[in-house]
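The values are calculated or read from the model by the stated rules, or taken from the named source; none is laboratory data. No experiment lies behind these values; they were computed from the predicted model shown. No Cβ is skipped: glycine too gets one built from the backbone with ideal geometry, and neighbour counts run over all protein chains shown.
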Amino acid sequence: MALSHPQGRPQGRPRILVTRKLPDAVEARLQRDYDATLNPADSVFDGDRLVTESAGHDGILLCSTEKLPATVIEKLPAEVRIAATFSVGHDHIDLAASKARGLTVTNTPDVLTDATADIAFLLLLAAARRAYEGERTIREDRWGRWSPTTMLGVHVTGKRLAILGMGRIGRAVAQRARGFEMEIHYSNRSRLAPELEQGAIFHDDPEDLLTVADFLSINCPSTRETHHFLNAERIARMPDGAVVVNTARGNIVHDDSLISALKSGKLAAAGLDVFENEPAIHPGYRDLPNCFLLPHIGSATLETRHAMGFRALDNLDAFFAGKPPRDRLA
């Protein structure tokens with residue numbers, strides 16, 4: 001698909017390749033301040049296309065859907081000096097290879113905390129109270145006589161919420177959980193200061209955290225240590241009938257193990273907004289009535305997507321002004 005090139009390249013403005021269709025307000029600022037090559041059709045960029053299309057550009061504004069492994073970074077044209085990702089996560093970019101090449105990399109932290117925490121609590125409530133099954137009952141016209149034993153879910157108020165990863169989003173999830181009088185437990189790379197902890201109970205060992213998880217909210221980054229963290233052995237440590245929520249990264253969960261636990265009844269339910277290999281998710285999830293699924297929409301509010309785009313542009317502005325970008329990763 002053809003990209004949108006400005007008519008007659010203006011002199012003196014940095015040239016930016018934009019790999020996805022971004023919100024109108026973000027693209028308007030891009031076109032105002034940069035010589036931007038847009039992607040109005042939102043066509044797909046693979047590694048080869050990134051290398052080819054970035055020729056003649058000073059930087060790339062990409063999303064988590066575009067991958068920058070070492071093999072692609074090494075082939076980027078010499079004039080490409082910065083890659084600004086429209087995301088908090090940066091596991092799609094090889095930071096070591098970026099540093100070795102001298103490619104500056106930035107991300108967009110802080111701006112999607114509340115939107116993602118809202119989705120985490122939506123998933124928690126929907127999974128616990130069997131929202132998917134209930135909605136299907138209505139849509140398929142199967143709602144019959146009320147029964148004292150029909151559609152019984154898991155009570156949320158007063159239960160123990162275990163948060164794996166107590167960064168900004170994890171703390172925002174905890175803030176929402178306090179409104180439901182939940183007892184907050186967490187595991188993190190380091191213990192929080194008391195003013196951030198706010199009475200939450202710290203577990204130095206994340207496996208110990210699992211033993212108290214009536215509800216488990218996964219909010220940690222994707223790393224080698226967290227890859228497939230939630231596997232069969234660790235699920236076995238959780239209380240029977242627990243609920244799992246994941247708004248972090250899909251590869252933190254071992255799909256076969258989670259699906260098996262949902263089928264067996266070891267876990268009551270799960271709410272998932274992220275998946276390994278998305279959008280080609282494990283097909284076993286699709287037919288599970290006790291699994292509430294969303295298509296990675298944690299940051300999908302207009303306000304949040306504007307903030308993400310403007311944060312990415314702030315980083316580009318700083319870089320091309322000769323200043324350190326606020327959110328530099330490499």
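Remarks
- Just one residue in the set Asn290, Asn277 is within 18 Å of Ala128 (Cα to Cα) and polar (S, T, N, Q); that residue is Asn290.
- Residue satisfying condition, being aliphatic (A, V, I, L, M) and either assigned by TED's automatic domain parsing to the domain that holds Val274 or out of contact with any Gly (no Cβ under 6 Å at 6 or more places or on another chain) (or both), within set Val72, Val80: Val80
- Leu30 in a helix (DSSP H, G or I) and within 26 Å of the chain's Cα centre (by Cα): yes
- Segment 94-119, residues that are in contact with a Lys or Arg (Cβ under 8 Å, 6 or more places away or on another chain) and not acidic (Asp, Glu): Gly102, Leu103, Thr104, Val105, Thr106, Thr108, Pro109, Val111, Thr113, Ala117
- No other residue among Asp273, Asp240, Asp255 is more than 24 Å from Gly89 (Cα to Cα) and at pLDDT 95 or above apart from Asp240.
- Residue list for segment 253-273, restricted to those being more than 21 Å from His155 (Cα to Cα) and either out of contact with any strand residue (DSSP E or B) (no Cβ under 8 Å at 6 or more places or on another chain) or surrounded by fewer than 23 Cβ atoms within 10 Å (Cβ to Cβ) (or both): His254, Asp255, Asp256, Ser257, Ile259, Ser260
- Residue-level check: of (1) touching a residue at least 40 places away in the same chain (Cβ under 8 Å); (2) aliphatic (A, V, I, L, M); (3) farther than 18 Å from Arg311 by Cα, Ile82 misses just (3).
Conditions (1) over 15 Å from the mean Cα position of the chain (by Cα); (2) of a type in the set (A, V, I, L, M), marked per residue:
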| position | (1), (2) |
| --- | --- |
| Val244 | yes, yes |
| Ser257 | yes, no |
| Leu267 | yes, yes |
| Glu276 | no, no |
| Leu288 | yes, yes |
| Leu293 | no, yes |
| Gly298 | no, no |
| Glu303 | yes, no |
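- Yes/no for Gly165 being crowded, with 20+ Cβ neighbours inside 10 Å, under 26 Å from the mean Cα position of the chain (by Cα) and either in contact (Cβ under 8 Å) with a residue 40 or more places away in the chain or not assigned by TED's automatic domain parsing to the domain that holds Gly89 (or both): yes
- Scanning segment 99-120 for residues that are in a loop (DSSP other than H, G, I, E, B) and either in contact with a strand residue (DSSP E or B) (Cβ under 9 Å, 6 or more places away or on another chain) or on the phi < 0 side of the Ramachandran plot (or both) gives Leu103, Asn107, Thr108, Pro109, Val111, Leu112.
- Comparison of Leu210, Leu216 shows that the only residue that is more than 17 Å from Ile169 (Cα to Cα), crowded, with 22+ Cβ neighbours inside 10 Å and either among the acidic types (Asp, Glu) or without any contact (Cβ under 8 Å) to a residue 60 or more places away in the chain (or both) is Leu210.
- Matching residues in segment 23-45 - criterion: being aliphatic (A, V, I, L, M) and in contact with a helix residue (DSSP H, G or I) (Cβ under 9 Å, 6 or more places away or on another chain): Ala25, Val26, Leu30, Ala36, Leu38
- Restricted to segment 156-267, the set of helices (runs of 4 or more DSSP H) holding at least 2 residues that are within 24 Å of Pro283 (Cα to Cα) comprises 232-235, 255-264.
- Among residues of segment 28-54, those that are more than 22 Å from Pro279 (Cα to Cα) and touching a residue at least 24 places away in the same chain (Cβ under 8 Å), counted: 12
- Test for Arg224: is it surrounded by 15 or more Cβ atoms within 10 Å (Cβ to Cβ), among the basic types (Lys, Arg) and in the same structural domain as Arg176 (by TED's automatic domain parsing): no
- Within the set Gly59, Gly47, Gly89, the sole residue that is within 18 Å of Asn315 (Cβ to Cβ), of a type in the set (Gly, Ala, Ser) and touching a strand residue (DSSP E or B) at 6+ places or on another chain (Cβ under 9 Å) turns out to be Gly59.
- Unique match (being surrounded by 17 or more Cβ atoms within 10 Å (Cβ to Cβ), outside the structural domain of Arg129 (by TED's automatic domain parsing), in contact (Cβ under 8 Å) with a residue 24 or more places away in the chain and part of a loop (DSSP other than H, G, I, E, B)) among Ala307, Ala312, Ala330: Ala330
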